[in-house]
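For reference, the structure is listed below as structure tokens.
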Amino acid sequence: MSPYQMNAYAMALKAVGEIIQDYDSDKLFPAYGFGAKMPPDGKISHAFPLNGDSDHPNCVGIEGVLESYFQSLRTVQLYGPTNFAPVINKVA
């Protein structure tokens with residue numbers, strides 16, 4: 001996946017995000033990635049904040065989510081198999 005162009009994940013984030021952000025008054029979205037080796041030690045994570053801040057994982061608007069998504073593609077190494085359950089448990 002290129003960290004510089006829209007892929008299927010980014011297009012889905014944008015399409016859904018542009019609709020749901022209008023229903024959130026503060027436009028702050030906790031955004032998590034899954035299935036990646038994290039720098040600097042290569043530890044595998046199935047629920048990491050896209051913006052890199054575990055204490056404050058919120059991104060401002062869908063544009064903030066997309067910016068954080070593309071930035072994370074530049075810093076993490078995607079790794080499978082992916083497990084989506086930790087993200088669901090974290091945000092539930």
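The values are calculated or read from the model by the stated rules, or taken from the named source; none is laboratory data. The structure displayed is predicted, hence computed values, not measured ones. A quick note on method: Cβ atoms are made from the backbone with ideal geometry, for glycine too, and the neighbour counts reach across all protein chains shown. Please note that ligands, DNA and RNA were not included when accessible areas were found on the heavy atoms of the full protein model with its side chains. Shrake-Rupley method; radii C 1.70, N 1.55, O 1.52, S 1.80 Å.
Could you give every pair whose Cβ atoms fall below 6 Å, whose first residue belongs to the stretch 79-92 and is in contact (Cβ under 8 Å) with a residue 24 or more places away in the chain, and whose second residue is of a type in the set (K, R), counting only separations of at least 6 or pairs across chains? These pairs meet every condition: Y79/K37.
Suppose we keep only residues that are part of a loop (DSSP other than H, G, I, E, B) and touching a strand residue (DSSP E or B) at 6+ places or on another chain (Cβ under 7 Å) within the stretch 22-70. Which one would you say is farthest from K90 (Cα to Cα)? By that ranking, first place goes to K27.
Give just the number: which of (1) within 12 Å of the chain's Cα centre (by Cα); (2) outside any helix (DSSP H, G or I) does Y9 not satisfy? Among (1) within 12 Å of the chain's Cα centre (by Cα); (2) outside any helix (DSSP H, G or I), the lone unmet condition for Y9 is (2). Pairing residues of the stretch 1-19 that are at pLDDT below 95 and of a type outside the set (D, E, K, R) with residues that are open to solvent by less than 40 Å² (accessible area, probe 1.4 Å) and assigned to a loop (DSSP other than H, G, I, E, B), at Cβ distances under 9 Å and at least 6 apart in sequence or on separate chains, gives M1/N7; L13/A31. Candidates Y23, Y32: the one that is of a type in the set (F, W, Y) and exposed (fewer than 11 other Cβ atoms within 10 Å of the Cβ) is Y23.
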